[in-house]
Amino acid sequence: MLELRGVNAGYGTFQALFDVNLDVKAGEAVGVIGPNGAGKTTLMRIISGLIRPSRGSIKMEGIDVVATPSHKIVSLGIAHVPENRRLFPRLSVDDNLKMGAFMKEARARYAERLDVVFELFPRLKERRHQMAGTMSGGEQQMCAIGRAMMSNPKLLLLDEPSAGLAPVVVQQVFELVKRIRASGLTVLIVEQNVQQVLKVVDRAYLIEAGTIRASGTSAEMLASDTVKEAYLGV
Amino acid sequence: MLEVSGLVKRFGGFTAVNNVSFRVDQGEILGLIGPNGSGKSTIFNMLSGTLVPSSGSILFAGHEIAGLAPHRIINRGIGRTFQIPRPFRRLTIFENVALAGFYGQGRHSRVKAEEAAERSLAMVGLPTDRHASVDGLGAAGLKKLELAKALATAPKLLLADESLGGLDEAEMDQAADMLRNIRDELGITIIWVEHIMGVLMRVVDRVMVLDHGEKISEGLPSAVAGDPRVIEVYLGTDAETTQAAAAEARRRAGG
Amino acid sequence: MMGQGRLAAWGIGLAALIALPFVYRDPYHLHILVLILIWSFAYTSWSMMGRFGLVSLGHGGFMGIGAYVTALLWNHLGLSPWIGIPVSMIAAGALALIVGYPCFRFRITGHYFVLVTLALSGIVLQVITATRDYTGGSLGYTPNRASGNKLLALQFDDKTTWYLIALAIWLFGIVVWHWVDRSMARHALEAISEDEDAAAAAGVDVTAEKLKITLLSALMTALAGAIYCQYQMFITPDTVSGIAVSLQMVFAAIVGGLFVSLGPTVGAIITILLAESLRIGFGTKAVGWDNLVYGVLLVLFIIFLPKGILGSVLDRLKPQRKVSPNS
Amino acid sequence: QDQAKEKKIKIGVVFDLTGPLAGGGSELNYVGAKIILDHFAKTGVEGYKIEAVYADAQSKPDIAINESVRLLEQEKVDMVLGFFSSAQCVPVAARVEQLKKFMWITTCISSAVFNEKGYKYVFRPQASGDQFGMMTMDFIAQNAKEKFGKEPKDLRVAIIHEDGAYGVDVSKGNEAGAKKAGFNVVLKEGYSATAPDLSALVTKLKRAKPDVIFHTGYNPDITLLLRQAREQGLKFGALMGHGAGYGVYEKLKEGMGADAAYIFNADPISIWLANQKTMDPKLPPVIKMVGEEFDKIKPGVAIRSAHVGIGASNTYLFMSDVLPRAIKKYGGVDPDALRKAALDTDIPEGGTMLGFGVKFYGEGTPMAGQNERSFPVVIQYIDDKSSVVWPKSQAQREAVLPLPKGTTYSNQ
Amino acid sequence: MQAFLDVFDIYLLEAVINGILLGGVLALLALGLNLIFGVIDVTWICYAELVMIGMYAMYFMVQYYGVSYFIAAPFTVLLVALLGAALHYLVIAPLLMAPPINQLLATGGVLFVLQSFATVAFGIDFRNLGIRLPVLAFGDMNFSYARLLSFVAALVGMVAVYLFMTRTFTGTAIRAISQDRQIMALMGVDAKRIYLITSALGGALAGLAACLLVLQYDVHPFVGLSFGPITFLICVLGGLGNFIGGFIASFLFAEIISLGGLFSDLEWGYVLAFAFFIVMMFIRPAGLLARRR
Ligand SMILES: Nc1ncnc2c1ncn2[C@@H]1O[C@H](COP(=O)(O)OP(=O)(O)OP(=O)(O)O)[C@@H](O)[C@H]1O
Ligand SMILES: Nc1ncnc2c1ncn2[C@@H]1O[C@H](COP(=O)(O)OP(=O)(O)OP(=O)(O)O)[C@@H](O)[C@H]1O
Ligand SMILES: [Mg+2]
Ligand SMILES: [Mg+2]
């Protein structure tokens, strides 16, 4: 479904990704792990078009993502839940969700998608008129995921969904990922919480200093020495 | 050293902190945990003067400090870090810390402030080079800078709103060790807020748990980790976290 | 800690500036130079605050108070400007504190601060206009010509004298700028401008630091107003107070470069020379074109040289300058 | 090179070509002055070439100062001429005097320019502001009994004015005149010419119920005031304007339509209305020439503005009388020669296009430099024509007073 | 008692009602600015000058080319909308990343440009539409029809904009864009387009204000100066982006100006209004309708 080939990217003169190759197949959940500053967020950003690669190709179901204007990429079925949630703090939950359904295709199915999201997160329905910025961290995370789901995506990009959340909420978030996954969505997830994430994904990539250092199934990754030494610091 | 009683904070009709009382002893590390939005940062904000309590008293070293302006509280010896790092990007790393040293210690001497800055930077492991820019720091570096700024104010009590979320495990361990060192070497009392149980439990002497602005549990790490209410509202039923926390706590109690 | 070389450059430049009127005597050019120096001082005074994100549109008010209080005291009470100027500065300072304290206390920043100060200069303008029985209203006011001692009345017919006075005042402004720049207060204010809570958590008394710089800036601006009045011997609410003057200060300071000491001076030179030469250039042949071109140039400056002319030039010359402002 | 320079006079001319005052009449004065200067540039004066340097004061006093200084010091003009706004005259006169240069004021009227200043080099043939104010009051005083059927003490008058040097000056004349006539002044108030809303002032006027309103203002405050007066139903017996905005009938007509009828205005007489029979026979051809030139510049104007005439006449006076004398009798065009020549001026009534005579108050008098023989007249706009109605000696028709029944503002 | 009656007479009532009508004029002006300045957080210091250009457009179409008022009005609205979009495209867009002060200054430069453009193109004369609307009279009180019209337009405009902002996707996006511009693309929103739409809308509202103002005021190149600052204060007093608050603030301001002017010199009305603004900033910094923090 998603295919990255030889992708290089960076910020100004600073290069953050070097020749990254990555595949996500339809219906799969794939994790990306790596230390701070490895380039995980950068990877997510180039997929959703927030930044553009300096070299390499990105294909979503065969369509060239690089050539698509960034606001059209959502229409390809890619939804991105950015790092730190990035809700619109002074808009209500409802309005935040509305923003998620902004593009034409989604607008038509707005009511239907809203039901789906509220079913997934009943808490959001209770709080639909609250300003997003005043909600608790876990609720905000739900709202951010819900907003991404509003566009009826095929591929969901999650960037550190558990950061800063209470343990009980972290568990809920991973539960959620499982459920979303079970509903047929493809998920690409970045996480620091390696133990946990490897439990919900099929495969994972280890990224370090901008290059893919290892990849494999969850089990392989858990067992891999590279992963342990390079990252878990064990 | 710190004695808090009946602390309340309301935002409009919403009560973020409801009648919380606790004390912290000299040289202790107190862990402060609780679900998101339970009022941890709000308590920190009141202790450090960023927010004025709606009611209640805060005695620090025998003096009432509730409602004092932040800079006065800092001059009396309570330093803090912010959950989300807030560096001054227009200043160099060194200037950031020297600034805290100068104003945090009551604007006495610029020379002393710069010395304090060098010491604090060395303590947290940041370069003491005077020209290094903040822009070069990653997530972990920014957290260290927060800590260095707080240390430069020469606090007796340090409020660490650390939230290691987003740090990788190696860096988390480093941070935990650092807090430990600060207490051990400088004799600074610490209140630490954190969500990552494994790390927190390893360091703290005592834990206090908040939920919906109220204190629901307090005690030794092992006791708190076993408290069913805490498990329900905070730790969750997922065996692993709970067990990890409990095991860690037990190990320390034993060792 | 200025390098030897820079110190020497300053010294030579200054000596040349002092010598200038004795060598070059074209009165009109001296007149323009005096205006440039006085306005440079006013703009520098504004930038003392402005560089820390305290964008005030109230400085027209301070300048107006400086000019009008001095002139009114002289005309109505016969009080020499030597006393009148300090009194007017105190009045402006008091106003700055009265408005500044609640502003800073209640955390009025950004747009809100800009507009509160805008209302302030509006008030000063309207009060000057409304008290027309004393101030001559909207079409201006002239200090009485001194019949006796010119020095006592601070009125000189001689351009060279005025040039030297203006030069001294301007230099004073630059010195104060550098003094603030090298103080710890500069760091505190930079910190405040980025994040007030974090600055407070570092021990900075945010309200006090802001008040101090505001007071300093207001006092200097009032002085500029008074000097302008003494030199021109004529003031109107529109030329020394109100929103237009405030905007003019912001313009020049930003066009020149807000973060370098000579930026506002460069701004004054450029805006005044530009306005002057455009007006003379177009003359009465193409009425209105001078302001049209002036406006377009301003827009272009701001879009393409956002750090100001001097700021951008210095950036080009030494790209790594920003890292070590303290060396 | 010296030779060439000796035989030339450079005149700096300052009016407002942009900004609010330009439309208020300054530009028309400029046109009048320029017609005359161009005329003399063709012939020269006593062998001197005439060169005019024009500057735009942009309706701002500080620019007027700056431009005057520039003309004198940079362009090295021998004198400055012009000035529409009193707010510019006052400071510029002080500046020019300080520089010991010659200044010939054609238009502005504030008495504050001269009052007790003791200037030596500043001269103004134009009537002064308080004369305007006195004149209209005098006109009403002489007609109160007959037209309003009221004793002076029962006649309610309101004095309103823009608050600049000009408006204040005229209103002082109004006040003095009202006192002399014994009127009941029910309201006296100034306002800023740039005020965006005058409805509160109109309400105050309604409450004061004046029989006659004495108003001094520029445009657009006049239009704004009268429009809001109409909308709020203000009624009165007569409206007396005092030059500036009221001198430009075109604008009044455009803003108020038929309501502009029957408004009075005190101004120097329009050169096109002046009584040519009593005038120096040299002058009517000049008036004709100015009129023709003006029509070329601004074709299709219904009433040729009085402002053009003011600029033209007062400039002509200098060029035809003062300048030749300075050259012939005092040997040049330096400030002192011009000054002596100006002081020698002695023209009887009827000797200028504006009808009045010229003799300047001399040194030591409180108004030194002011023309002691000038006077304004009161005109009234009737049927899109302006006619002199006062003083009696110049009157061309009987004044319509009070406002006829059925007109918008009539309180009958 | 007599003094009391002297003050509380019919004229006071008239002044109060005139205040309300002036409030309508101000509210109409504040509407578009609130959208630009309050909602998308872009500073158009030259907003009142756009209105001025619109007034000229009306003047020339109606007076010069004899177009009927009601046909000229939509063209004017369109023209100023285009002008707003152009202003955004040429001046604001390059400065979106710059500090707000730079936007303020650049549009301040545009203010000069527009003023002197008007001087150059239309001359310095005061122009007047010469349309004389009837007057409503109740006994001794009279009210301007033109102002009544502005009042109604402001009210209708306010409701329409409010509904647009809260009910439509585009309206929501407009409210969102100032809060986080970078991630708008993730929502499938073309941020450039939203800015352009909003600027055009703000311009259109300025055009609407121009159509109604031209009935009451002379047009001249400097007419904007009489209104610009007050309009900004109103937006802030009402709470940035709060249309209802802005509407109410307009009336408070207008009443203070109107009544202050009735009891003393006109300027004191403004002094009072400005002082009121400053004091309100301290009491209700987030706007009239906001709850206290
Ligand atoms: N906007 C930016 N400008 C310049 N450099 C950046 C920017 N964002 C990230 N970087 C740099 O790019 C590198 C990769 O950053 P990225 O955010 O992708 O890392 P990450 O793996 O997501 O880290 P973390 O776990 O801390 O979120 C880092 O060195 C970072 O400093
Ligand atoms: N300024 C404010 N205005 C209104 N509500 C506030 C404000 N600050 C905090 N709150 C609310 O008070 C509650 C407590 O917030 P606080 O930041 O103290 O939580 P926390 O325990 O630190 O949570 P976390 O673990 O997510 O950091 C939250 O519901 C929050 O929304
Ligand atoms: Mg990341
Ligand atoms: Mg917190």
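Some notes on this structure:
- D_trans [Stokes-Einstein, Kirkwood Rh over alpha-carbon pairs] for the stretch D:323-366, 10 °C, 1.306 mPa s, µm² s⁻¹: 141 µm²/s
- When restricted to Cα atoms, the stretch C:235-326 yields an Rg and a Dmax of 15.2, 51 Å, respectively.
- For A:ALA214, residues with placed amide H under 5 Å, excluding near neighbours: A:LEU206
- Among B:LYS149, B:LYS112, B:LYS40, residue whose mean-square fluctuation peaks in a GNM of chain B (springs only between Cα atoms under 10 Å): B:LYS112
- Legend: mean number of C-beta atoms from other chains within 10 angstrom of residue C-beta atoms, peptide C:192-199, equals 5.
- Residue-wise HN-Hα coupling along the stretch D:47-61, computed from phi with Karplus coefficients 6.51, -1.76, 1.60 (Hz; x: Gly, Pro): x, 8, 7, 10, 10, 9, 10, 9, 9, 9, 7, 6, 6, 10, x
- With the gyration tensor restricted to C-alpha atoms of chain B, the semi-axes of the equivalent ellipsoid amount to 29, 22, 16 Å, longest first.
- 10 Å-binned pair-distance histogram of the stretch C:151-276 (Cα, whole percent): 11, 34, 34, 16, 5, 0
- Loop-located GluC sites (Glu not before Pro) in the stretch D:3-74 whose Cβ has at most 16 other Cβ within 10 Å (DSSP): D:GLU46
- Equivalent ellipsoid semi-axes, the stretch D:1-112, via Cα gyration tensor eigenvalues times 5, rooted, Å: 24, 16, 11
- Cα principal axis extents for the stretch C:142-205, largest first, Å: 59, 21, 15
- Built from the Cα atoms of the stretch C:40-158, the convex hull projects on average onto 8.4 nm², one quarter of its surface area.
- Remark on chain C: ratio of C-alpha radius of gyration to 2.2 N^0.38 Å is 1.00.
- Across all Cα pairs in the protein assembly as shown, the calculated P(r) in 10 Å bins from zero up to the longest distance comes to 1, 7, 14, 17, 18, 14, 10, 8, 6, 3, 1, 0, 0 percent per bin.
- Debye-sum result for the stretch A:91-234 in log10 I(q)/I(0), which assumes one identical scatterer on each alpha carbon, at q = 0.14, 0.18 Å⁻¹: -0.71, -1.03
- Size estimate for the stretch A:36-110 follows the Kirkwood approach: the inverse of mean 1/r over distinct Cα pairs works out to 13.9 Å.
- Isolated cysteines in the protein assembly as shown, defined as those with no second cysteine Cβ under 4.7 Å, comprise A:CYS143, C:CYS103, C:CYS229, E:CYS46, E:CYS211, E:CYS235.
- Scattering curve values for the stretch D:147-284, log₁₀ I(q)/I(0), Debye with Cα scatterers, q = 0.09, 0.14, 0.15, 0.17 Å⁻¹: -0.29, -0.67, -0.75, -0.93
- Largest GNM mean-square fluctuation among B:LEU51, B:LEU126, B:LEU167, using chain B with Cα springs under 10 Å: B:LEU167.
- Of the peptides E:146-153, A:218-225, the ranking by mean beta-carbon count within 10 Å, highest at the top, reads E:146-153, A:218-225.
- Other residues whose C-beta falls under 13 angstrom from the C-beta of A:LEU124 contribute a net charge of +1, scoring Lys and Arg +1 and Asp and Glu -1.
- Long hydrophobic helices in chain B, taken as whole DSSP H segments with a C-alpha length of 18 Å or more on their own axis and mean Kyte-Doolittle hydropathy at least -0.5: B:110-124, B:139-152.
- For chain B, adding -39500 (n - 2.57) for each run of n ≥ 4 DSSP H residues and dividing by the number of residues yields -12500 deg cm²/dmol at 222 nm.
- For the stretch A:86-152, the Kirkwood radius over C-alpha pairs fed into Stokes-Einstein at 10 °C and 1.306 mPa s yields D = 140 µm² per second.
- Residue mean of other protein chain beta carbons inside 10 Å, B:140-148: 1
- D (Stokes-Einstein, µm²/s), Kirkwood Cα radius, chain D, 1.002 mPa s at 20 °C: 100 µm²/s
- Residues of the stretch D:72-123: accessible area per residue with a 1.4 Å probe, Å²: 25 Å²
- Note on the stretch E:188-293: Cα Rg divided by 2.2 N^0.38 Å, N the number of residues, gives 1.26.
- Convex hull volume of the stretch A:127-192 per residue (C-alpha atoms, cubic angstrom): 90 Å³
- The stretch C:1-80 has equivalent-ellipsoid semi-axes of 30, 23, 12 Å, by the square roots of 5 times the alpha carbon gyration tensor eigenvalues, sorted largest first.
- Phi-based couplings in Hz for the stretch A:30-45 (Karplus 6.51, -1.76, 1.60; Gly and Pro marked x): 10, x, 10, 10, x, x, 4, x, 6, x, 5, 4, 4, 4, 4, 5
- All C-alpha pair distances within the stretch E:121-235, sorted into 5 Å bins from zero, spread as 2, 9, 14, 17, 16, 13, 11, 8, 6, 3, 1, 1, 0 percent across the bins.
The values are calculated or read from the model by the stated rules, or taken from the named source; none is laboratory data. Remember, it's a predicted structure, so these values are computed and weren't measured experimentally. Positions of Cβ are generated from backbone atoms using ideal geometry, with glycine treated the same way; all protein chains shown enter the neighbour counts. Just so you know, the surface numbers come from the protein's heavy atoms only, side chains and all, with ligands and any DNA or RNA stripped out. Shrake-Rupley method; radii C 1.70, N 1.55, O 1.52, S 1.80 Å.
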